[in-house]
1. Mean separation of Cα pairs under 8 Å and 6+ residues apart, divided by the residue count of region 13-182: what relative contact order is that in percent?
2. At a threshold of 8 angstrom on Cα-Cα distance, excluding pairs fewer than six apart, so keeping six or more, what relative contact order does region 217-365 reach in percent?
3. Let me have the 222 nm mean residue ellipticity of the chain computed from DSSP H runs of 4+ only, each contributing -39500 (n - 2.57), with the sum over all residues rounded to the nearest 500.
4. If exposed means no more than 15 neighbouring beta carbons inside 10 Å and the site is in a DSSP loop, what's the longest run of the chain without any exposed chymotrypsin sites (Phe, Trp or Tyr not before Pro)?
5. Using 0.36 nm per residue of separation minus the Cα-Cα distance, give me the extension gain between K51 and F103 in nm, one decimal.
6. Highest GNM mean-square fluctuation, the chain, Cα pairs closer than 10 Å: which of N133, N269, N367?
7. Calculate the radius of gyration of the Cα atoms of region 227-309 to one decimal place, then report Dmax, the largest Cα-Cα distance, as a whole number, both in Å.
8. Compute the signed sum of charges (Lys and Arg +1, Asp and Glu -1) over the other residues within less than 10 Å, Cβ to Cβ, of E281.
Amino acid sequence: MNYICAIQIMIVITVCYKYKVYHQNRNHEVRLSEYLRTASWIYNHCIALQKRYYKLYKKHIGLYKLQAHIVTMKKRCYPKWSEINSQSIQQITERIHEGYKRFFNHDAKHPPTFKSWSKYKSVTFKSTGYTINGNVLTINKQKLRLKFHQSRPITGKVQTVCLKRDSVGDWWVTFTCRIDEQQIKVKTMTGKTAGFDFGLKHFLTSSDGVYIESPLVLFHSLEGVRKKSRNLSRKQKGSNSRKKARLEIARLHRNISNRRTDFHWQLANHLVSQYDIICLETLNLNEMKKRWGRKISDLSFSEFIKILSHTCTKYGKKLVMINQWEATSKTCYCCGTKVDEMPLNVRKWVCPACETSHDRDVNAAKNILRVGTSTLGIDDVRPAKQAIIA
Ligand SMILES: [Zn+2]
């Protein structure tokens, strides 16, 4: 198979390792929060500056001008800012700059806004300001030692370190590493291709006729979420019990999101080990969210695409996204006849031209495969064997 050789191009990729920081003594906790609070102070200062500048001159401050201003302010007015690593400050300004760029490119609805210190979540170190020794991360300036639970070894060269506080109040450390070509584990090429149709009834339907169901974690935990929210709303504002109830609900949401992400990773790894080329349809998720709301959010398809795309790159496989305007459901994959109407409640239909009976989703998946492989210029697509999702 010639095309498989053509797509087997190795590239350098980045991977992230996320570890939980052990619970520390009270003093450590306070100092870490203080660190984040100073970072949020700088962030909000920059936002205020941008807003004022925009009012006066109708444009935003460039990245280097903003960075130079911060350096001056650090020396003249706010010596406390020197506690933050200079590269972390640069990263804060870059984050704001990116936010404005996205806003001016119409990718974001609004420019970056103020964040209260309690909602400010993370601080990022680039190449300096920290030392890693085994499972201990030390922030050099503060001499703050953070021990984390190293569940697996870190491979590759560490590029950035991100310290993050989640809504429950636990701390996490994320190492972004660059992996070289030699360190990438290659999955064996199977020579199989498949198209997948995303649906509300079944999470994915493959062109081989296999249905993959979503665990619908939010749907199954909905009663618990409702109960906990009711509990929270009954508590008196500012009370300790309200704080406890808030933490409980945050913990439940974290659990839901972890379970969903776990499912996505397992499925992505399974698909990548089964197929060499995976074809999917681009979806207008914002429109779908408007129509079906929570159900679409629960499936979290865009997150899955991101994970699948990353896994494909990592193992040298190919992900093909086809145009969303392609009529995959309405077209018969046998003869290419396009029917005018196909309401959502029709699950099975018979083609008026060639009289083949179709399952709606399988037919769509086969069409996605056909369109996807045609963009690659492959004429001979071997049918893949039945896959079983454990
Ligand atoms: Zn037909």
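Quick note: the coordinates plus some simple rules give every number you see, no bench work behind them. Predicted model only: the values in this text are computed from it and were never measured. Glycine also receives a Cβ, built like all others from the backbone with ideal geometry; neighbour counts cover every protein chain displayed.
1. Relative contact order of region 13-182: 34 percent.
2. 19 percent
3. -14500 deg cm²/dmol
4. Segment 118-324 is the longest.
5. Extending this stretch completely gives an extra 17.3 nm.
6. Per the Cα network of the chain with a 10 Å cutoff, N133 tops the list.
7. Rg, Dmax (Cα atoms, Å): 17.9, 56.
8. Result for the neighbourhood of E281: -2.
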